[in-house]
Amino acid sequence: MFGLQRKGRMAFAAAALTMGVALVATGCTGGGTGGDDTGGGDGDANLSITMLPKNLGNPYFDTSTGGAEEATEEFGGTFEEVGPTEASPTSQVQYIQTAAQQGTGGLIVSANDPEALCDALDEAREAGVKVVTFDSDTNPECRDLFINQATSEGIAKVQVDLITEQIGDEGQIAILSASANATNQNAWIEMMEEELAANHPNVELVEVVYGDDDDQTSFDKTAALLQTYPELKGIVSPTTVGIAAAARYLSTSEYKGQVALTGLGTPNQMREYVEDGTVTAFALWNPADLGYLAAYATQALITGEITGEEGDTFEAGKLGDFEVGADGAVLLGDPFEFNADNIGEFDF
Ligand code: RAM
């Protein structure tokens, strides 16, 4: 659907294994206030990079920020991460405005809402800032590029495959999502609903609830789901915050091992729940690679190596060469399944 292409070899396992090392160097270098003389990797290019995740305090985004900072160091730019504490639709606007006022060269954003950031992003782009979304997109006209972790179809399918297998392909399931406006989760949920309707007639999706990528809210929503639906057989949480909170709730409850839980999680947050039998398998991609690729794509825009047109190609350091697909989207790779057999190999 996105017409995206990735050139080069998947470096997922190797990169994942080195994350422990990469994260040691993740302290922000500050800056982001540079004018045309900032950076220095490419003559006069302003290689100051500002990273704006959905919210701060989420290990998933800590890891993607680590990857982006590693890339920025490689190409000789300056780097800073900014962001709100709450993943609400407009909470990112002020950070976009400030970054633009301070003259950042490139802004890398995971959007809490497809539309709410657009005015601020338009102003930033008019001021010369290159805007790259990653992880969760805005409407395509509001940014130069979107760095997509995997196709929405692939992310939806792996989660439906996992939950239907875990519940014997019949019974009630619910979805515990992130915030209600999140572009990425909403796209995945729509496709999960389609996949369930098409291929799993005996599975009933009873409700989608929103934990707002907040640990406590997600925990409470899990408890409420289990109370409301006594027949519930499984929960899918397509958010690393949600699945970890739901696993924590289930692990000490009477539902442990009775109600299946899967979705998208980080190995470090999910390890104890795989080991104690609360969860058998879940999926994700490498957030460090996603941030790394987003930073290299931003650099290629800033230096003028690419404009973001379909067919543009650029090099992303250790990840190799990538090509811009339809709608200005670049694809990282495929989702990856984690389970008891392989989770010990990953450290992020
Ligand atoms: C959370 C965020 C992020 C999403 C992951 C899977 O960390 O919602 O946007 O991609 O989960």
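Here is how the numbers come out for the structure above:
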| quantity | calculated |
| --- | --- |
| Test: residue in segment 102-116 that is touching a Ser or Thr at 6+ places or on another chain (Cβ under 9 Å), farther than 26 Å from residue 288 by Cβ and among the small types (Gly, Ala, Ser) | yes |
| Those residues of segment 97-142 which are within 16 Å of the ligand (Cβ to nearest atom) and free of Cβ contacts under 8 Å to residues at least 24 places away in the same chain, in sequence order | none |
| Selected residue (only one of 74, 80 is surrounded by fewer than 18 Cβ atoms within 10 Å (Cβ to Cβ) and touching a helix residue (DSSP H, G or I) at 6+ places or on another chain (Cβ under 9 Å)) | 74 |
| Unmet requirement for residue 305, which otherwise passes all of (1) assigned to a helix (DSSP H, G or I); (2) in the same structural domain as residue 144 (by TED's automatic domain parsing) | (1) |
| Residues satisfying the stated conditions in segment 172-189, i.e. buried (at least 24 other Cβ atoms within 10 Å of the Cβ), touching a strand residue (DSSP E or B) at 6+ places or on another chain (Cβ under 8 Å) and in a loop (DSSP other than H, G, I, E, B) | 178, 179 |
| Which listed residue, of 232, 225, is away from the ligand (no atom under 14 Å from the Cβ), buried (at least 20 other Cβ atoms within 10 Å of the Cβ), free of Cβ contacts under 8 Å to residues at least 60 places away in the same chain and assigned by TED's automatic domain parsing to the domain that holds residue 265 | 225 |
| Those residues of segment 241-259 which are among the hydroxyl-bearing types (Ser, Thr, Tyr), open to solvent by 50 Å² or more (accessible area, probe 1.4 Å) and either touching a Lys or Arg at 6+ places or on another chain (Cβ under 8 Å) or not in a helix (DSSP H, G or I) (or both), in sequence order | 252, 255 |
| Test set (1) assigned by TED's automatic domain parsing to the domain that holds residue 332; (2) within 13 Å of the ligand (Cβ to nearest atom) - residue 176 fails condition number | (1) |
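The values are calculated or read from the model by the stated rules, or taken from the named source; none is laboratory data. Keep in mind that what you see is a predicted model, and the values were worked out from it rather than measured. Backbone-built Cβ (ideal geometry, glycine too); neighbour counts: all protein chains shown. SASA here: full protein model, heavy atoms, side chains in, ligands and nucleic acids out. Shrake-Rupley method; radii C 1.70, N 1.55, O 1.52, S 1.80 Å.
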